[in-house]
Every structure is written in structure tokens, then in C-alpha cells.
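The structure appears below as C-alpha cells.
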Amino acid sequence: MSDTAFGAGRRWRPPTIFGSHKLRAAFFLAVAVYLVWSLGTLQFDSQRVLRGFVRAGDIFARMWPPDFSRSTLLINGMLESIQIAIVSTVLGVLIAVPIGVCAARNLAPRPIYLAARGLIVIGRTFHELIIAIFFVKMFGFGPLAGVLTLSYGSFSFVAKMLAEDIENMNMGPVEALRATGAGFRQVIWFAVLPQVLVRQIGILIYRLDSNLRHSTIIGVVGAGGIGQTLSAAFSKYDFDFASAILISIAVLVAMGEFGSDYIRRRLR
Amino acid sequence: MTDRLDAYPSRYQRYSGREKAVQWLWTIAFALAVVWAMRAIDVEWAFLGDAHIQALDMAERMWPPRWSYAQQIWHPLVETIHIATLGTMAAVVLSIPVAFIAASNTAGYKLVWFVGRLILILSRSINTVIWGLLFVAIFGPGPIAGICAVTARSTGFIAKLVAEAIEEVDYGQIEAVEATGASKLQVLASAIWPQVQPVLIGTTIYRWDINIREASVLGFVGAGGIGLQLNASINEFAWNQVLLILCAILVLVVVSEYVSARVRARVS
Amino acid sequence: MTEPLLEITSLVKDYGTGRRALDSVSFTIRTPQLVGIIGSSGAGKSTLIRCINRLVEPTSGSVRLMGADIPSLSSRELRKMRRQIGMIFQEYNLVERLTVMQNVLTGRLGYVGFWTSVRYRYSEEDIRYAYALLERVGLAGFENRRADALSGGQRQRVGIARALMQRPKLLLLDEPTASLDPSTSRQIMQLAQGVIEEQHMPALINIHDVTLARTFCDRIIGMRDGKLVFDAPPAELTHARLVDIYGAYENDEAGPRQEEPA
């Protein structure tokens, strides 16, 4: 894979990656065959691609300068995305905590554990947009569908991380507190929570960050947020406004990532 | 011991007054943020009230899946895999040079490094689906737009992790190679590259797995793959086709996750 | 003859694997004393101690403490019973991120409700007692240190204070010195012996170090393959009896010890 980019790389052949050089050759042959086959099935219309490049120049030209004049629309869309991200993170975490505890093998009885795990797995399989489309069908267009979508995604993610954290924690304090006669809630609060809290706050912030990212796309299927505005701008060939939205999204997401990295580093 | 207990303090406070005040401030700020965010979601209780009926109705109409539709989704499914795979391949090729200019120790010039970072931020902060919107505008609907979208998003993803690996390389090996009088490119190829290669491969496979998921919804914006059929079926209220497509996506995602996990386990 | 303080009769524990960890163990404690349990690893020492407060559920047999039969208690009754049994662990089992005082106060959890414990609204007497205990174990002024900032010996002192905070009627010590260096081990044993004497309570201690057991215990119980094979004052623990307990016994430092399944 490397060799196309760095000619000098050919001199050094790592023996471990493919096992043998024959296998390595076979791998690249397979890649070549795959390329031919897949590009064949996709029926590339080279004319259209070429025209696309011409059009790309035109579109990029129309994207510049970005049009920030419709700032109310832009700001409202962005704010709605942020709001969706916050509410869905909180809602998702609220659901995730009890389910996550149930999905920890060392605390929950087996049937409860399996049921909780099942719930988590379903949430992780489908892309947010697919879930969003169903919520839009059920609750109509608007941010509610978006909130429910991202809550579900957050729930399954946070619950899984929480369950893993609990399974990896030190059982010693749990045993010690049980031995003092502490009840289940006290054991959770005093022995489990202190062990998992810091990492879970990190996960929460990470999730807020990724909900912020996702909240910018669910509008594409009508579930609220800036995505709706962006989708409309593209369909109306409103490219200078679209580029303004894209820049705003990029700035927001980059800021979110920076902030989340910063806080998580400070949490140790 | 008990008779002289009076000599000891009778109160214990975990936190000082100031710490408590700070905690309260955070709590209030958090609560305010949530309340503000909740305002975005003006819940239509009428919609919410019959949501479960809607959901049941939908579930009823989904069963049984329309098996005869299977032959029509075979081609889009393969196309979905192609979009993910070709997009990932292109992203690998592009991500290598981007990673080297975005890593502070190999960029060489501040300006080059800055450009590299800018590419990373731009690529990463715009979601695949939104890239899809842009490329559909350029190339028209179809898998080419999808491949470009996957490439555009994955390049930054792969390049960021590889750049981090480059920044963390072991300098002892570099010095050893430099001591032999190797040129800069040779150092890159024989001292840095072998250390980075496993990260590149692991990240690529991981990203491919994510891309399968992303490619399944790119059709929503017209960028090819199974999402097109899913969207169409939902709009036609052909719920038994929807169920079949969902099952197909489920299988695809589960298999790709399995393959990705297996390959990554073998490589590392 | 008075009612025994602790009476264990035909205690059996089978783990699912078919291994019999405890095979009909019986003994009685009538006076406040420190009873050392010795035996090689896997002999069932840890299981025996954990069957008393039911951290491990015994398969059959009875454990009578203060007139109650522990194996037949409901979970609510068990909680009440457990708070009267203090336990000290090999790995200290402190909550690392909490402070020393918070850890000591967890000893009171069984006596208060959830919300009281969350807000640390313990009675004035409890708080005073906690400070007094910290002084007794030699950690006065450490109350706001975090447990993960302490040395092994200091952690075990916190562990002792936590157990005493329960105002227990019985103390269980599960290899309290196995993770400590020899001189700290002695200090901890002296401390444990001291507080047990002060509070006139019986205590059971799992201990792999026969020398320590001889020095500090009033009575020694030897376990082998889940069976009780020795029960007498330390003076009677002759080399021949040690061979009974350990198989080939070579020196006073017992062989390597591994954690048993608890």
C-alpha cells in the first residue's frame, strides 16, 4: 500500500505484515482484480466524471465567497443542532446508567445481563440516519425525532462503555462494602461509582462531541438541526449559502472536538 | 476509648465551603444548559400520544418481509460494499502524504504543517453524508459521489491517527538510521514507516468497517448504495421491503464488523 | 457453660467444579480470642472465613453467631448481621478515589439509609468515633488524604479502622499481612491484636505466616484439603503437626500462596 507514495519504501520489506513476499504479491494482485471488477460493476460513465470535474470548478467558484448574510437562519439551525446534541446526550445517559449497570456481568444476574446486552447491540448496528428516518415517520419532522435518534445512539454507546468499565473494575471494594452490610444502592454509590466516574465523565463529553457531529446530519432526513438547512441549500443550488453552512459546521465540530479533548485531558 | 470521644470533632465535611460553591455553580450551569436545550424540542404531544400505535402499525405492515424483492437489492448491496471499499482504498493512498505533512516532526515547515492540519480538520469535521451532498451536486447522483464522500471523510480520519503515530515514533531508531548517512526520504522509509505501518493498517480496517455503515445511508442523499432503495421503499410505504433491506444491512454490518475485528486481531 | 460466641457445625462448601472447598468443618469459639487459621493455599481458609459472613454461600452446615443461624438468614437479616461482623482484607479493598475518612465511614453503611450515607449525615457520635479510630490506628490527621496516596501499611490501618467503625461483635481477617513487608506485617498484627483485646471480641484470622500466627494467636486451627486437621493453642503446634497440615513442611515461612477463588 505504501509503495505508491514512497518509492524508497520498496527496499525495506517488513516480513511480518503478510508473512511472506508471495502473500504480499498475492494481496496486491487481489487488490488489482478487485479494482477492475468493482469499477466494472459500478459502470463508470467517464464522460460524466469529466463533466463533474468541470462542474466542480463552477460549484467551488459559486461557493466563494460564502454567504453569511442569512445569519438568522444559519444561527438558528446551528443552535438547534447544539440543543439536540445536549438534550440527547442527557437523555441517553439517563437511560444508559441503569441499563449499563444491568449489562455488567459482575453485578447483574444472567437473564438481566443478556436482555440489557441485546438492547445495546441493536442500537449499535444501524446508522443514525436509518433510526432517524423511523423516528421521523413516527413523530413527524422536527427536532424531537432527532433527539430520540441521538438519545438512542448515546444510550447504547454509553451503556456499553459503562458496562465494560464496571466489568473491569476492582471487585475488592465491592466485596468489602457488602461485608459491612451495605445495601445494593450503597455499594453502587460508594464502591462502583468512585471507580468508574472519571472515565465515564470523559465518555459523556466524548459523546456530547459526537452527538454534535451527528446533529449536523440528521436534518438531511428531516430530523431537525442545521442539516435540514444545508440540505435545502444544496437542493436549491444555493452554493454560497451552503459553503457558509459547511464552514460553520466545520468550525463548530472542530471547536467541540478541541473542547472535549481539553476537558478529557484535564480529567487525567 | 469511648469515654474520651468528646475530644474529637463531631462534624465531618468532605468538601470545604468553596468547593461546595464551585460544585453548585457547575450543577446550575449544567441545569441551565439543559433547560435551554430543551426549549428546542417543542413536543407535539398529539404525535407522541399515538406513537406506539404508529409503531405497532408499522411493525405489522413490515411482516412478513418481501423475499421476492431480494434480487433487486442484491446489486445495491454489492454497490454499498464497493463504495465503502473503494472509498477506503482511495483514502489510504491520500492519507499517507497528508499524515506526513500533518505530523509536526515530519512536516518540515510550519506552513506545510499548517496546511496538513487544515486538511485534517476540514475532512474530519464534515460528515460523510454531508460530503455526499456536495459530491452529488458535483458528479450527479450515483456511486461515484458516494466513493468521493467516503474518501473525503476517511482521509482525515486515517491521516490523523497515522500522524499521531508518526509523532510518537521512537527516536532511537531514527538516529540509528541517520547515523548511517541516510537521506531524509530514506529515514522516512526505513525508520519511521515500519513503526507507523501497523497503525495505518489497523486504522484502515477499522475505518472500512465504519464506512460500510456510512455507505448504507449515502443513498439517502443520492450517493449510491442500498440507502437509495431503503429511502424509496419508505417513501412508498412498502414496509415489507423496508424490513428486508434492514435485515440485509444488519447482516452486512455484522459480517463486516466480524471481518474487521478478525483481521485487526491478526495484524496486531 | 455459656452460649458460645461463634459456633460452626459441619460446614460444607462445594464450588460448581466438583471440588469440595470445605468438608464438614466444625469448631466453637467461647471466649474473646484471636484464632489463627493456617494451611497451604487452596486448603479452604479463605472460603471458611467468607462463609461466615456469606460473601461465599455455604452449601450446607450451620454458622451460629449471637443466637442466629447465618446461612438461613434472609437478605435483609443478613445485612443486619454483616454490619456486626468486621472484615479486613489482604488487598485492603479500600475505595481508592475516596479519602481516608470517607473510607472509614463506609463501615457505618449498614446502619444508615442510602440518602443519609450519600450526604454523610452520620451521628455526631459516629463522627467522633471515626476520628478516635483514626488516632487509634495511628492515622490522626490523615482524614482528607485519598486512599490511593497511602502506603500499604497505612491502607491496612484504614481497613482496620473501617472494620472497627462497624462496632463489630466478630472480626474476620483475611490474610491481612500477605501484601506487606515483614516489619509492617508485625506492626499491623500488633495493632490488630491490640484492638481485639480492647474490644473483647473474638476474631478469626487467615494467615500463611506460621511464625506470626504463633506469636499473635491465642489458638490455631489447621486446614488441609477443606478439612479441619488441627485445633489447639499455638504451643501444641509441633513440627509433626505442621507436617500434618502442610504435607512436607520445611521452614517457618510457609510456601508460596495463591489467591483462592472467593
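What follows is calculated from the coordinates using simple rules that are stated; it is not laboratory data. Owing to the predicted nature of the structure, the values given are computational and were not obtained by experimental measurement. Methodologically, a virtual Cβ is constructed for each residue, glycine included, from the backbone with ideal geometry; neighbour enumeration extends over all protein chains shown.
The table below gives the values:
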quantity: Dipole axis of the protein assembly as shown (+1 Lys, Arg; -1 Asp, Glu on Cβ), positive-most option in B:Ala37, C:Leu55, C:Tyr131; calculated: B:Ala37
quantity: Enclosed volume per residue, in Å³, of the convex hull spanned by Cα atoms of segment C:91-168; calculated: 86
quantity: Net dipole in debye of segment B:75-267 [+1 Lys, Arg Cβ; -1 Asp, Glu Cβ; about Cα centre; nearest 20]; calculated: 120
quantity: Equivalent ellipsoid, the protein assembly as shown (semi-axes from 5 times Cα gyration tensor eigenvalues, Å); calculated: 61, 32, 27
quantity: Relative packing of peptides C:121-131, A:213-223 - highest average C-beta neighbours within 10 Å first; calculated: A:213-223, C:121-131
quantity: Highest-fluctuation residue, B:Arg39, B:Arg11, B:Arg124 considered, GNM on chain B with Cα pairs under 10 Å; calculated: B:Arg11
quantity: Value of D in µm² per second that Stokes-Einstein yields for segment B:1-156, Kirkwood Rh from Cα pairs, at 37 °C (0.692 mPa s); calculated: 146
quantity: Shielding by partners, peptide B:139-146 (average Cβ within 10 angstrom, other chains); calculated: 4
quantity: Positive-end extreme of charge dipole, chain C - chosen from C:Gly18, C:Ile8, C:Pro71 (charges on Cβ); calculated: C:Pro71
quantity: 10 Å Cβ neighbours from other chains, averaged over peptide A:250-260; calculated: 2
quantity: Point-charge dipole on Cβ atoms (K/R +1, D/E -1) for the protein assembly as shown, about Cα centre, debye to 20; calculated: 560
quantity: Descending Cα extents along the principal axes, chain C, whole Å; calculated: 53, 42, 41
quantity: Value at 222 nm in deg cm²/dmol, rounded to 500, when DSSP H runs of n ≥ 4 in chain A each add -39,500 (n - 2.57); calculated: -25000 deg cm²/dmol
quantity: Alpha-carbon spread of segment A:73-266, three principal axes, descending order, Å; calculated: 68, 38, 20
quantity: Value in Å of the Kirkwood radius, where segment A:71-187 supplies the Cα pairs that are averaged; calculated: 15.9
quantity: Residue-averaged beta-carbon neighbours from other chains (10 angstrom radius) around A:210-222; calculated: 3
quantity: Listed residue pairs exceeding 26 Å between alpha carbons, taken from A:Lys160/B:Lys20; A:Lys137/B:Lys160; C:Lys13/C:Lys169; C:Lys45/C:Lys80; calculated: A:Lys160/B:Lys20; A:Lys137/B:Lys160
quantity: Chain A: most fluctuating residue of A:Leu230, A:Leu29, A:Leu50 per GNM, C-alpha cutoff 10 Å; calculated: A:Leu29
quantity: 16 Å cut-off, amide nitrogen to a point 7 angstrom out along A:Ser235 Cα→Cβ, residues in segment B:207-229; calculated: B:219-223, B:228
quantity: Rounded to whole Hz, the Karplus (6.51, -1.76, 1.60) HN-Hα couplings of segment C:81-91, x for glycine and proline; calculated: 5, 4, 5, 9, 10, x, 9, 10, 10, 4, 8
quantity: For peptides C:73-82, B:27-36, C:211-220, B:137-146, sequence by mean Cβ density within 10 Å, most packed first; calculated: B:137-146, C:211-220, C:73-82, B:27-36
quantity: 3J(HN,Hα) from dihedral phi, segment C:184-194, Karplus parametrisation 6.51/-1.76/1.60, rounded to Hz, x for glycine, proline; calculated: 5, 4, 5, 4, 5, 5, 4, 4, 4, 4, x
quantity: Per-peptide average of other Cβ atoms within 10 Å, ordering C:53-65, A:74-86 highest first; calculated: A:74-86, C:53-65
quantity: J(HN,Hα) series, segment B:187-203, from Karplus relation 6.51 cos²θ - 1.76 cosθ + 1.60, nearest Hz, glycine and proline x; calculated: 4, 4, 6, 9, 10, 8, 4, x, 6, 8, 3, x, 5, 4, 5, x, 4
quantity: Interchain or long-range residues, amide H under 5 Å from C:Asp209's placed H; calculated: none
quantity: Dipole magnitude of chain C about its Cα centre (Cβ charges: Lys, Arg +1; Asp, Glu -1), debye to nearest 20; calculated: 920
quantity: Dipole of segment B:97-237, positive direction: furthest Cα of B:Leu228, B:Gly156, B:Ile210, with charges on the beta-carbon; calculated: B:Leu228
quantity: Net charge of neighbours whose Cβ lies under 10 Å from the Cβ of A:Ala103, counting Lys and Arg as +1 and Asp and Glu as -1; calculated: +1
quantity: Cut-off under 5 Å, modelled amide H: who pairs with C:Met223 long-range; calculated: C:Ile38, C:Gly39, C:Val229
quantity: Helical mean residue ellipticity (222 nm; -39500 (n - 2.57) per DSSP H run of 4+; nearest 500) of chain C; calculated: -9500 deg cm²/dmol
quantity: Distant-in-sequence amide H partners of A:Gly224 (H built 1.01 Å from N, under 5 Å); calculated: A:Gly142
